[in-house]
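Data block below; observations after.
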Amino acid sequence: MADEDVNYFDSLRKTDFSDTNGLKTCFDHFDKDRDGLLDANEFSALCKQLFVHNHSDGYHLTEQQEEALVELLDSDKDGKINMEEFEICWKYWFRQVLSPVSALVIVDVQNDFIDGSLALRNSPACQEGSEVLPVINKLLEEELFDVVVYTKDWHPADHISFFENVKERNIHPSSPIQGEDAKMFDTVKFAGPNDLVCEQTLWPTHCVQGTWGAELHQNLKIVDDAVVINKGTNPDIDSYSAFWDNMKQSQTSLVEELKARRVTDIYVCGLAVDICVAFTSLDGVEHGYRTVVIEDAVRGIDCDGIKTRKKKMKDAGCVFVKSADVPDMLNCKDRHPELGYQAAVNVAMAMKIHEARLLGSP
Ligand code: VGL
Ligand code: ZN
């Protein structure tokens with residue numbers, strides 16, 4: 001096999017990057033002029049090997065994208081990567097790119113969104129929620145994920161999001177729609193706890209704790225040792241995201257559970273792509289998770305909502321892929337540059353926190 005057919009990083013897939021044995025050899029391999037620094041050209045050659053979708057085909061990164069990566073990883077700002085910076089790359093950047101820990105986050109695949117009060121097929125986009133089932137089950141059968149998370153919309157009967165409860169609640173004076181005029185699916189503003197003004201779409205009563213509608217669909221495969229996250233349990237504040245409630249007043253245990261398992265990447269699927277999948281994915285990026293949305297394993301409620309939220313997710317750095325592409329990504333044969341960028345952002349953030357600590361700032 002010719003030298004250029006061998007991908008330098010393929011032998012490092014799923015290895016332990018806390019072990020720095022291969023570090024110097026790797027640096028020397030790319031430091032072609034042996035000056036102890038990786039310049040723009042040398043770094044570009046590294047990127048061509050690091051970001052590939054099969055062993056010889058690299059993703060094309062623009063010069064600006066490569067510069068943005070260097071900027072994040074080049075602590076001393078000389079435009080080049082020295083050995084010290086490369087050690088950080090090795091331990092933290094390569095680890096995320098070549099040895100990630102991945103969680104499948106299955107959002108709200110519950111009866112009410114498939115056959116119940118909020119059945120997607122009866123909503124404006126007329127999508128069929130049950131179509132996600134075989135796609136998600138196939139991914140689960142392949143057993144490639146390190147962690148599986150099931151989330152459940154899990155509301156008390158007096159929940160703020162239920163249209164049927166609107167008359168029991170205080171609408172805020174700034175709300176464009178007042179109580180007696182409110183219709184199903186309108187968005188109103190409630191006077192919430194602690195002087196909060198809570199914008200809220202009014203949904204039909206759904207996913208009430210302990211009812212059939214709140215159960216995961218019977219055809220969804222349930223794996224052992226999964227994490228289950230209930231959300232939307234506070235009667236006064238809704239929670240579309242599996243991380244935070246909509247007013248960011250309280251967190252679920254999701255971050256804690258992911259941290260305990262050293263998860264770096266989340267793959268999000270389920271219902272609905274314009275509501276809970278979108279909010280969960282956006283919060284995932286905000287928390288520094290490399291976030292992938294599995295396009296054929298999501299369905300949504302409203303056509304405009306699906307379009308605008310998808311764009312928002314893409315702009316935030318979520319990567320959209322097909323379920324058939326997922327196995328190669330989990331095996332690190334397919335390594336997306338956008339996820340490499342998120343990994344570099346995480347490294348830069350951690351470096352900043354580390355430096356601030358060394359300087360004694362709080
Ligand atoms: C959801 C509307 C209301 C969802 C939850 O899971 O997407 N949508 N509550
Ligand atoms: Zn809900």
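The values are calculated or read from the model by the stated rules, or taken from the named source; none is laboratory data. Since we're looking at a predicted model, the values are computed, not measured. Glycine also receives a Cβ, built like all others from the backbone with ideal geometry; neighbour counts cover every protein chain displayed. Quick note on the areas: whole protein, heavy atoms, side chains included, nothing else; ligands and nucleic acids left out. Shrake-Rupley method; radii C 1.70, N 1.55, O 1.52, S 1.80 Å.
Filtered by the rule that a residue be open to solvent by 50 Å² or more (accessible area, probe 1.4 Å), in contact with a helix residue (DSSP H, G or I) (Cβ under 7 Å, 6 or more places away or on another chain) and farther than 17 Å from Asn331 by Cβ, segment 9-39 gives Ser18, Thr20, Lys32. Answer yes or no as to whether Lys24 is at pLDDT 95 or above and not in a helix (DSSP H, G or I). Criteria not met by Lys24.
Listed here are the helices (runs of 4 or more DSSP H) enclosed by segment 277-362 that have at least 3 residues being in the same structural domain as Phe43 (by TED's automatic domain parsing), in contact (Cβ under 8 Å) with a residue 40 or more places away in the chain and of a type in the set (A, V, I, L, M): 337-358. Would you say Leu61 is modelled with pLDDT under 95, closer than 25 Å to Val326 by Cα and in contact with a helix residue (DSSP H, G or I) (Cβ under 6 Å, 6 or more places away or on another chain)? So Leu61 passes the test.
If you go through segment 233-250 one residue at a time, how many are open to solvent by 40 Å² or more (accessible area, probe 1.4 Å) and within 16 Å of the chain's Cα centre (by Cα)? Here the count works out to 1. Search segment 126-147 for residues being of a type outside the set (D, E, K, R) and open to solvent by 20 Å² or more (accessible area, probe 1.4 Å), and hand back the single one that is farthest from Phe243 (Cα to Cα). Result: Cys126. Suppose we filter segment 89-129 for residues that are part of a helix (DSSP H, G or I) and in contact (Cβ under 8 Å) with a residue 60 or more places away in the chain; how many remain? Adding up the residues that qualify gives 16. Counting only residues that are more than 15 Å from ligand 1 (Cβ to nearest atom), touching a strand residue (DSSP E or B) at 6+ places or on another chain (Cβ under 8 Å) and either open to solvent by 70 Å² or more (accessible area, probe 1.4 Å) or part of a loop (DSSP other than H, G, I, E, B) (or both), segment 251-264 holds 5 of them.
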